[in-house]
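Notes to accompany the following structure.
The values are calculated or read from the model by the stated rules, or taken from the named source; none is laboratory data. All values reported here derive from a predicted model rather than from experimental measurement. Note: ideal-geometry Cβ built from the backbone for every residue, glycine included; neighbour counts use all protein chains shown.
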Amino acid sequence: MKTNHFNVATKELKEKYQVDIIEDVLLGRKERVILYGDTSNRSSIILKPISGDLRLLGFSDFDSIDLCHILDNFDNNSKYSEIAGRREYYEYVTHQLNQFNDETDITFPIQINGHRIWLRFNIYPIEKNKKLCIFIVTNVSDLMNGEELIYEKTHKDALTGLFNRYTFDYHYGLRYQWKNLHALYMDLDDFKLINDIEGHAAGNEFLVQFSTILKSYHSEYNLFYRLGGDEFVGLFFEDEATIKKMAEEIITKTQKINLVKNKRPLSVSIGIVKAVQADDLIHKADEVLYKVKNAGKNHYLYEIEK
């Protein structure tokens, strides 16, 4: 004979511990709100509270709230958006939020009343009537503020703040077939001499100032990355004239960098390849860079992928 665990637990918790299984156990977490919603109309899913206070999530304590209203406050300035792409991250979150046939777990930030709040949604359909879903929404801001910092550190170079090789590989895998892709491979000329003669502090200063120049050309998808040492690569989606103009400006600005402990000229060499079939593009840009190095450094060479 099957034991009714719920009734047994209800009785024991009440008599032995003075704990109510509904109020104190199932509905007792103060940092979350439990809601239900009819998902048959995807354009307007009205969520109604079962327990908790919507003020915990940054909203007024309404009797109901539209899921679209929560998404209207989506914060697209997190480090997750920066790395994944704002459009891509938003589309991922909205796609996950609309998976009502199976259990879904998704965490994302909203910006409301001047504050960022991280919400974790756990959604699952009610077995007896699957057009109804339970939405358990938890405020996980304390946890995610720390997680976001760790996430950023794993995707960016600690010294320069540029994206690192790991993020480069990720972005290249996503975008190598995009229109007008250019790979720019850069190497600081005679960087080893600066490190050996002037010291690593001077070398690090050069890297930081050079990276500041590169960051001035960033947009959402046009980005530079530090691969390691004095090697940098850019993935840019612009026309030929724009790319050449940028390369010329980077070379000129690099020559104007002033290092306190260095008297020798500073310069950078740049190899650029415009993608056609995007087959081992970065290696090809590196080969173009070596042509520049062998021809005297301190300039760029632009080639179309063959």
Report summary line: Log entry, pairs with first residue in the stretch 67-82 being under 30 Å from Leu132 (Cβ atoms), second being of a type in the set (Gly, Ala, Ser) and modelled with pLDDT under 95, beta carbons closer than 9 Å, six or more apart or on different chains, reads Leu67/Ser44; Cys68/Ser43; Cys68/Ser44; Asn73/Gly58
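Return the residues of the stretch 272-294 that are closer than 17 Å to Asp190 by Cβ and in contact with a strand residue (DSSP E or B) (Cβ under 6 Å, 6 or more places away or on another chain); say none if nothing qualifies.
Leu289, Val292, Lys293 - these are the residues of the stretch 272-294 that are closer than 17 Å to Asp190 by Cβ and in contact with a strand residue (DSSP E or B) (Cβ under 6 Å, 6 or more places away or on another chain).
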Query - When residues of the stretch 176-218 are limited to those that are among the acidic types (Asp, Glu) and assigned to a helix (DSSP H, G or I), the one surrounded by the fewest Cβ atoms within 10 Å (Cβ to Cβ) - result: Asp196
**Report entry** Filter result for Asp169 (farther than 20 Å from Leu235 by Cα, of a type in the set (D, E, K, R) and surrounded by fewer than 18 Cβ atoms within 10 Å (Cβ to Cβ))
**Finding:** no
Query raised in the report: Among Val8, Val33, which is the only one that is over 17 Å from Arg120 (Cβ atoms) and β-branched (Val, Ile, Thr)?
Result: Val8
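Yes/no matrix, rows are residues, columns are (1) surrounded by 12 or more Cβ atoms within 10 Å (Cβ to Cβ); (2) under 25 Å from the mean Cα position of the chain (by Cα):
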{"residue": "Arg55", "(1), (2)": "no, no"}
{"residue": "Asp72", "(1), (2)": "no, yes"}
{"residue": "Ser81", "(1), (2)": "yes, yes"}
{"residue": "Tyr92", "(1), (2)": "yes, yes"}
{"residue": "Gln96", "(1), (2)": "yes, yes"}
{"residue": "Phe100", "(1), (2)": "yes, no"}
Query raised in the report: Among the listed residues Ile251, Ile257, which satisfies the condition of being in contact with a helix residue (DSSP H, G or I) (Cβ under 6 Å, 6 or more places away or on another chain), in the same structural domain as Tyr172 (by TED's automatic domain parsing) and not in a strand (DSSP E or B)?
Result: Ile257
Report task. Evaluate the stretch 92-101: report whether one residue or more is in the same structural domain as Asp230 (by TED's automatic domain parsing), under 30 Å from Gly228 (Cβ atoms) and part of a helix (DSSP H, G or I). Result -> no
Query - Hits in the stretch 8-48 - residues which are in a loop (DSSP other than H, G, I, E, B), at negative phi and of a type outside the set (Val, Ile, Thr) - result: Asp20, Leu27, Gly28, Arg29, Lys30, Glu31, Ser40, Asn41, Arg42, Ser43, Ser44
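Residues are listed down the side, and each one gets a yes or a no for (1) at pLDDT below 95; (2) on the phi > 0 side of the Ramachandran plot; (3) touching a helix residue (DSSP H, G or I) at 6+ places or on another chain (Cβ under 7 Å):
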site: Gly203; (1), (2), (3): yes, no, yes
site: His218; (1), (2), (3): no, no, no
site: Leu266; (1), (2), (3): yes, no, yes
site: His283; (1), (2), (3): no, no, no
site: Val288; (1), (2), (3): no, no, no
site: Lys291; (1), (2), (3): no, no, no
site: Lys297; (1), (2), (3): no, yes, no
**Report entry** Filter pass, Thr138 being in contact (Cβ under 8 Å) with a residue 40 or more places away in the chain, closer than 18 Å to Ile34 by Cβ and either in contact with a Phe, Trp or Tyr (Cβ under 6 Å, 6 or more places away or on another chain) or not assigned by TED's automatic domain parsing to the domain that holds Leu207 (or both)
**Finding:** yes
Query raised in the report: Any residue in the stretch 123-130 that is in contact with a helix residue (DSSP H, G or I) (Cβ under 6 Å, 6 or more places away or on another chain), modelled with pLDDT under 95 and of a type outside the set (S, T, N, Q)?
Result: no
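So which of Leu119, Leu149, Leu132 ends up being out of contact with any Cys (no Cβ under 6 Å at 6 or more places or on another chain) and assigned to a helix (DSSP H, G or I)?
Exactly one residue qualifies, and that residue is Leu149.
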